[in-house]
Structure formats: structure tokens, C-alpha cells
Amino acid sequence: MVSIIKKELYKKIIKIIKEYDEIVLARHIGADPDAIASQIALRDSIRLTYPNKKVYAIGAGVHKFRYLGNLDKVNLKELDDALLILLDVPNFIRVDGIEDLEYKAILKIDHHPAEDIIGDVDWTDDTMSSTCEMITNLILETKLDLDTKIAENLFLGMAFDSDRFLLQNTSKETFKTVYKLLDISKINFVPLYNNLYERSIVEEKFRAYAVENIVISENSFGFLNVTAEALKKYNVESSIVSHQVNDFFFIKELICWMFVVYDERNSIYKVNIRSRGPVINEIASKYNGGGHKYASGARTPNFKDIEKLAKDLDAACKKYMSEQDS
Ligand code: AMP
């Protein structure tokens, strides 16, 4: 049963989508499959339902996720009456590619804790596993249309952000939503996992390097500083680091871990943090970062900040462990 409050929200979302003939969908920088899949799925659903609207999904494409579909190249300066739909992003500073857009209103749909973006119509719910879970519910409960490709993308976004439904953000509601989506769309979902989980032997060798080099403290905090030499030796891009951080879940000796890599092009350290113990997003936010309670990131040009962040996370692990013991 959909609650009355949810029904009202869905009505408002459909109303604002109906009001605008130009619609631009954007999401966070450093996009992942949930961000891109939610964007492409909602774009395609709006196009299917309202064929006369001009609907664009924008932002930098990611080669690794091209199976989700194409993003749009559009001159945003030519749009003067657009609705901006912001997906999977809580703060303006991390929205990808809207600098040239003069939008008229914002519809926000996101599962991060709220920050500075407040939509004219706003659906922010950090109990949801993924933005794709939210979009799936929206499509299933409203007149928005669904086809096979849209359903596949929504499934992939949910599977990715929940790491195949094993992370703490997964709820029984998530399974209900997935069941309804599979039931109605009849998609063959098992082969879709190849897109998310197939990897090269080079990536696996790099993972072996990560396992070999992660430093684990007595408080079960893991720290991996990926050097430029290592990237060169394994012939991998720095983006591989963020793709592998989830692989360390369920290592018995770790309750929180942080991967750091220096992005030479942007002269910045990129940090990925995961936890199955202490809440980490509040700690990350002190170092130009943020994210979810148990999956966060940060960026800083300064290695001193990295050392401080690692120290804070280690202390949080210590506190968490002592609370478990008492
Ligand atoms: P990642 O480790 O890049 O997969 O990011 C994990 C979560 O943290 C995602 O929800 C990101 O949107 C968020 N995140 C990553 N980097 C930052 C940052 N610098 N500031 C705020 N949130 C971030």
C-alpha cells in the first residue's frame, strides 16, 4: 500500500514534469551506475510517456558504464524554460554539468542525507537503497511508462548501490520494489550482472596489490594509499580505486577502510571510505567530503588532511569497538 503522503508526493512530481516542455536531468560528478541509471531511466520514461517534450540527460559520460545508454550532448544556453531534475546528489557543488543552464524550477529525487539542494518539488529519503529504488517506485505508482531497457537500468542501479542487496541500505521495501519491477517487466536479470561484476585479470591483479598493501590498525581501520607507481605498474586508471573499495566488505579484520589515490590531472587526492561499523559521512564532511552513513568520499589537495581524516576514522573505529564490548 502506498501511503497518502507518498501519493501526494507522486502527484506533485508528475504535475511538475507535465508543466515543463524542456527537461534536463543531472546527477553527481564522478558518476556511478545508480546516478547514471536513474538519470537515463527517468529520461527515457518521460520521453515514452510525453513524446513531445524535449528531455535531456547530461553530464560526463563514463566509458565503463556505457551499457546503461547514451547521455545527451545539448547546448544548455539554448534552453530558457527548463525544469532541472537533480538525481542522486544532495549538494550543488557536486552536480555535474549545469553551469550553462538557466532553469526555472528544480525537482530533486535523492537518497543521500539532505544538504543544500532543496527542490521546488523535493523527494529526499536517505532510508532508500538507491535513487533507482525511488525512480522505480515512482514509475510503478504513476502514469510514467516503463519498457525493458528502463527496467533493466533500474534493476542495475538498485543492484549496484546495494551491492547485490547486501549492504545496510537494503530493506524489505527494496525487495518488494525489485519484485514488482521484475514481475511487471519480465526482464531477464541474471545476465545483467555481467555488466556490473565482470572484470579483467589486470583489475584482479590490482586488487591483489590492494589486499597486500592495505595497512590495518589495531582498531580494525584499513588505510590504502595507492601510489602513482602502483597505477603505472598495474597499468590502471585512478578510477579503479573507487570501483574496488566495495570489494573489501566482509573482510573480518576490517570495520572501516579508506582508499586514497592522487588524481594528477586535477591535483587532488580522491578518497573512498566504507564502513560496517561507525557512521562515517559526518567525519568525511569535515574534509570536503560526505555521502552516506556507511559509504562516503572526500577530495582534498592536501595530504595532511588525509592523515587527519585517517586518524579521525581510526578513532571512530576505536570508539565503535569499545561500545560493542560494553
Ligand atoms: P564513492 O566512494 O565515490 O563511491 O562515494 C560514496 C558516496 O559518497 C556517494 O554517495 C558519493 O556521492 C559520496 N561522495 C563521494 N565523494 C564525495 C565528496 N567529495 N563530497 C561529498 N560526497 C561525496
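The values are calculated or read from the model by the stated rules, or taken from the named source; none is laboratory data. Predicted model only: the values in this text are computed from it and were never measured. A quick note on method: Cβ atoms are made from the backbone with ideal geometry, for glycine too, and the neighbour counts reach across all protein chains shown. Side chains included, ligands, DNA and RNA excluded: accessible areas come from the protein's heavy atoms. Shrake-Rupley method; radii C 1.70, N 1.55, O 1.52, S 1.80 Å.
Results for (1) part of a loop (DSSP other than H, G, I, E, B); (2) within 22 Å of residue 66 (Cα to Cα), shown as yes or no for each residue.
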| residue | (1), (2) |
| --- | --- |
| 187 | yes, yes |
| 199 | yes, yes |
| 223 | no, no |
| 245 | no, yes |
| 251 | yes, no |
| 254 | yes, no |
| 257 | no, no |
ask   = Out of region 272-326, which residues are within 9 Å of the ligand (Cβ to nearest atom) and open to solvent by 40 Å² or more (accessible area, probe 1.4 Å)?
value = 285, 288, 292, 299
Tabulated pairs, region 121-136, first more than 19 Å from residue 44 (Cβ to Cβ), second hydroxyl-bearing (Ser, Thr, Tyr) and in a helix (DSSP H, G or I), C-beta under 7 angstrom, 6+ apart or interchain = 129/174
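Could you please let me know if residue 60 is assigned by TED's automatic domain parsing to the domain that holds residue 86 and either surrounded by 15 or more Cβ atoms within 10 Å (Cβ to Cβ) or part of a helix (DSSP H, G or I) (or both)? Even if it seems obvious, please write down each step before you answer.
Details: assigned by TED's automatic domain parsing to the domain that holds residue 86: yes; either surrounded by 15 or more Cβ atoms within 10 Å (Cβ to Cβ) or part of a helix (DSSP H, G or I) (or both): no.
Considered against the rule, which asks whether it is assigned by TED's automatic domain parsing to the domain that holds residue 86 and either surrounded by 15 or more Cβ atoms within 10 Å (Cβ to Cβ) or part of a helix (DSSP H, G or I) (or both), residue 60 comes out as no.
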inquiry  = Condition first: over 13 Å from the mean Cα position of the chain (by Cα) and part of a loop (DSSP other than H, G, I, E, B). Now tell me which residues in region 111-140 satisfy that.
reply    = 114, 115, 116, 117, 118, 119, 120, 125, 127
request  = List every residue pair whose Cβ atoms sit under 8 Å apart, with the two residues 6 or more apart in sequence or on different chains, where the first one lies in region 34-53 and is within 21 Å of residue 21 (Cβ to Cβ) and the second, anywhere, is modelled with pLDDT under 95 and in a loop (DSSP other than H, G, I, E, B).
outcome  = none
Region 86-130: number of residues that are under 15 Å from residue 34 (Cα atoms) and either touching a Lys or Arg at 6+ places or on another chain (Cβ under 6 Å) or of a type in the set (A, V, I, L, M) (or both) = 7
inquiry  = Looking at (1) surrounded by fewer than 21 Cβ atoms within 10 Å (Cβ to Cβ); (2) within 16 Å of the ligand (Cβ to nearest atom); (3) of a type in the set (D, E, K, R); (4) closer than 30 Å to residue 194 by Cβ, which one does residue 115 not meet, given that it meets all the others?
reply    = (4)
note = residue 100 vs (1) outside any helix (DSSP H, G or I); (2) farther than 22 Å from residue 291 by Cα; (3) touching a Phe, Trp or Tyr at 6+ places or on another chain (Cβ under 9 Å): all pass except (3)
ask   = What is the one condition in (1) crowded, with 20+ Cβ neighbours inside 10 Å; (2) modelled with pLDDT of 95 or more; (3) within 22 Å of the chain's Cα centre (by Cα) that residue 241 does not satisfy?
value = (2)
message = For region 225-243: of the residues being farther than 22 Å from residue 63 by Cβ and outside any helix (DSSP H, G or I), which is farthest from the ligand (Cβ to nearest atom)?
response = 227
key: Condition met for residue 169 (modelled with pLDDT under 95 and surrounded by 19 or more Cβ atoms within 10 Å (Cβ to Cβ))   = yes
